[in-house]
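First comes the structure, then the notes that go with it.
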Amino acid sequence: MAVGSSGPPENVALAVERLGAGPFFDTLVTGRDVTRGKPDPQVFLLAAERMGVAPADCAVVEDAPVGIAAANAAGMVSIALLSTGHTAESVKAAKLIVHSLRELSPQRIAGLIGRS
């Protein structure tokens, strides 16, 4: 798994550390690594490249319409997480909309990618 954020590396590292999520991520891509922000897909494409995974074999969990647009532009499965006040209408381009990460499992995501 990877984190793809156009935020400053310090902010991304702090968030990952505070969540205790470091062991779960193989790759961190931050604003220092990219020249174009979302909705450009650069951040997600770079994450896939660093992990050695084809974009079509990736899923992106995003909480903003520009992130959904970036995931779709990258050719990845987009999953909208409605946790930040965005409406389902604003992220309707996502392949799946969820209200909680508890609604996701590796098996469900693999099924969306077509790798079940």
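Here, each number is a calculation from the coordinates, and none is a lab measurement. These figures come from a predicted structure and were not determined experimentally. Cβ atoms come from the backbone with ideal geometry, glycine included; neighbour counts cover every protein chain shown.
Worth a mention:
- Averaging 1/r over every pair of different alpha carbons in the chain and inverting the result gives a Kirkwood radius of 14.3 Å.
- Neighbour-limited loop hits for chymotrypsin sites (Phe, Trp or Tyr not before Pro), region 8-116 (at most 16 other Cβ within 10 Å; DSSP other than H, G, I, E, B): PHE25
- A Förster radius of 22 Å, combined with the Cβ-Cβ distance separating HIS99 from PHE25, puts the computed FRET efficiency at roughly 0.45.
- Counting only trypsin sites (Lys or Arg not before Pro) that DSSP places in a loop and that have at most 16 other Cβ atoms within 10 Å, the longest clean stretch of the chain runs over 37-91.
- Note that region 24-84, at 4 °C in a medium of 1.567 mPa s, gets a Stokes-Einstein diffusion coefficient of 112 µm²/s from its Kirkwood radius over C-alpha pairs.
- Across region 57-72, rounded Karplus estimates of 3J(HN,Hα) from the backbone phi angles (6.51 cos²θ - 1.76 cosθ + 1.60, θ = phi - 60°) give 9, 10, 10, 10, 9, 9, 10, 9, x, 5, x, 4, 4, 5, 4, 5 Hz, Gly and Pro being marked x.
- Near the amide H of ILE97, within less than 5 Å, lie the amide hydrogens of ALA80, all on another chain or at least 5 residues away, with H placed in the peptide plane.
- Projected onto their three principal axes, the Cα atoms of region 53-111 cover extents of 31, 25, 13 Å, largest first.
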